[in-house]
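Here the structure comes first, spelled out in structure tokens, and everything after it is commentary.
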Amino acid sequence: MLVLVAPGQGAQTPGFLTPWLDLPGAADRVAAWSDAIGLDLAHYGTQADADAIRDTSVAQPLLVAAGLLSAAALGEVAPGAVAGHSVGEITAAAFAGVLDDAAALRLVRTRGLAMAEAAAITETGMSALLGGDPATTVPHLEKLGLTPANVNGAGQIVAAGTLEQLAALEEDKPEGVRKVVALKVAGAFHTHHMAPAVDALAQAAADLTPADPKVTYVSNKDGRAVATGAEVVSRLVGQVANPVRWDLCMETFKELGVTALIEVCPGGTLTGLAKRALPGVKTLALKTPDDLDAARELIAEHSA
């Protein structure tokens with residue numbers, strides 16, 4: 001059984017879209033998307049530097065566009081399930097047929113702008129914790145006023161909160177945590193600090209006409225499969241202020257009988273987690289079009 005997954009913010013690197021735009025029709029598709037959302041995706045995906053594409057309002061549409069473009073290049077895919085990490089859930093919603101590509105990009109454009117505005121209210125950030133046991137780490141974070149914003153499985157947790165709270169974490173690490181690494185993100189995503197973005201996203205979602213998922217859609221709110229398009233969209237709205245439970249998504253993949261996992265462009269993060277948490281599952285990350293042939297072989301072997 002094949003699972004198709006989409007990465008979240010932080011996976012982007014300067015120039016990562018460049019080779020994909022050489023594929024037939026890709027440049028035209030990206031140009032049309034750019035016009036539709038008022039953002040030059042080709043420029044940011046090929047020429048912009050790391051600081052420019054770290055901007056939340058840029059990074060999020062860029063990631064969804066890259067995911068859609070790379071998935072389309074695979075041709076016909078019949079995954080047993082789809083899922084996305086953070087903003088990657090919008091990409092996954094398009095994979096599942098809940099939203100068409102244009103609607104997904106309009107929604108993510110609103111999401112990115114709204115989260116950037118929310119992040120500007122208070123100086124906040126996120127830090128990854130290396131090592132430790134979640135049973136010990138999570139209560140410690142909560143004691144410091146921090147949120148375990150990403151519980152990614154394979155021993156990885158990302159804390160989020162104010163810069164003062166994160167500084168306190170540096171001085172008072174949970175037992176077993178070897179290192180605290182500050183992430184280069186613009187705010188405390190997936191926490192109460194993003195509440196203003198929820199309202200903006202809810203208004204945008206009211207204009208959508210979602211279809212029910214055509215394949216199993218696994219939500220990172222709780223790792224559960226969601227059966228209706230309306231529920232998928234509702235979760236996409238609330239998700240910006242709720243923790244990402246990728247660990248529970250991988251548990252669901254296991255229960256569904258996953259045998260292979262493909263991560264769309266810019267792949268690498270989620271396949272890395274899967275290699276540690278899902279032993280025996282074949283994984284492939286789409287980084288450039290050079291990975292497409294291997295991905296198609298995996299699809300042929302493991303599709304439903």
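The values are calculated or read from the model by the stated rules, or taken from the named source; none is laboratory data. All values reported here derive from a predicted model rather than from experimental measurement. Cβ coordinates were reconstructed from backbone atoms using ideal geometry, including for glycine residues, and neighbour counts include every protein chain displayed. Surface areas here come from the heavy atoms of the whole protein model, side chains and all, with no ligands, DNA or RNA. Shrake-Rupley method; radii C 1.70, N 1.55, O 1.52, S 1.80 Å.
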(Q) For the range 20-43, give me each residue that is open to solvent by 40 Å² or more (accessible area, probe 1.4 Å), touching a residue at least 24 places away in the same chain (Cβ under 8 Å) and either in contact with a Cys (Cβ under 9 Å, 6 or more places away or on another chain) or in a helix (DSSP H, G or I) (or both). (A) 22, 29, 36
Q. Among the residues of the range 143-157, is any open to solvent by 20 Å² or more (accessible area, probe 1.4 Å), part of a helix (DSSP H, G or I), modelled with pLDDT of 95 or more and out of contact with any His (no Cβ under 6 Å at 6 or more places or on another chain)?
A. yes
Q. Which residue out of 221, 254 is of a type outside the set (Asp, Glu), farther than 24 Å from residue 56 by Cβ and open to solvent by 60 Å² or more (accessible area, probe 1.4 Å)?
A. 254
Q: Assess whether residue 267 counts as being of a type outside the set (A, V, I, L, M), assigned to a loop (DSSP other than H, G, I, E, B) and within 18 Å of residue 85 (Cβ to Cβ).
A: yes
Q: Those residues that are of a type in the set (A, V, I, L, M) and without any contact (Cβ under 8 Å) to a residue 12 or more places away in the chain, I need them from the range 200-259; list them, please.
A: 206
Q: Considering each of 17, 62 in turn, give the residue that is touching a residue at least 12 places away in the same chain (Cβ under 8 Å), open to solvent by less than 30 Å² (accessible area, probe 1.4 Å), under 18 Å from the mean Cα position of the chain (by Cα) and under 26 Å from residue 181 (Cα atoms).
A: 62
Q: Check 108, 138 and return the single one that is within 29 Å of residue 32 (Cβ to Cβ) and either assigned to a helix (DSSP H, G or I) or β-branched (Val, Ile, Thr) (or both).
A: 108
Q.
Scan the range 236-251 and tell me whether some residue there is of a type outside the set (D, E, K, R), at pLDDT 95 or above, open to solvent by 70 Å² or more (accessible area, probe 1.4 Å) and farther than 19 Å from residue 139 by Cα.
A. no
Q: Filter the range 112-142 down to the residues that are hydroxyl-bearing (Ser, Thr, Tyr) and open to solvent by 10 Å² or more (accessible area, probe 1.4 Å), then identify the one that is farthest from residue 246 (Cα to Cα).
A: 122
Q) Which pairs have Cβ atoms under 8 Å, sit 6 or more apart or on different chains, and link a residue in the range 95-119 that is more than 14 Å from residue 233 (Cα to Cα) and among the acidic types (Asp, Glu) to one that is in a helix (DSSP H, G or I) and open to solvent by less than 30 Å² (accessible area, probe 1.4 Å)? A) 101/33; 101/68; 101/94; 117/197
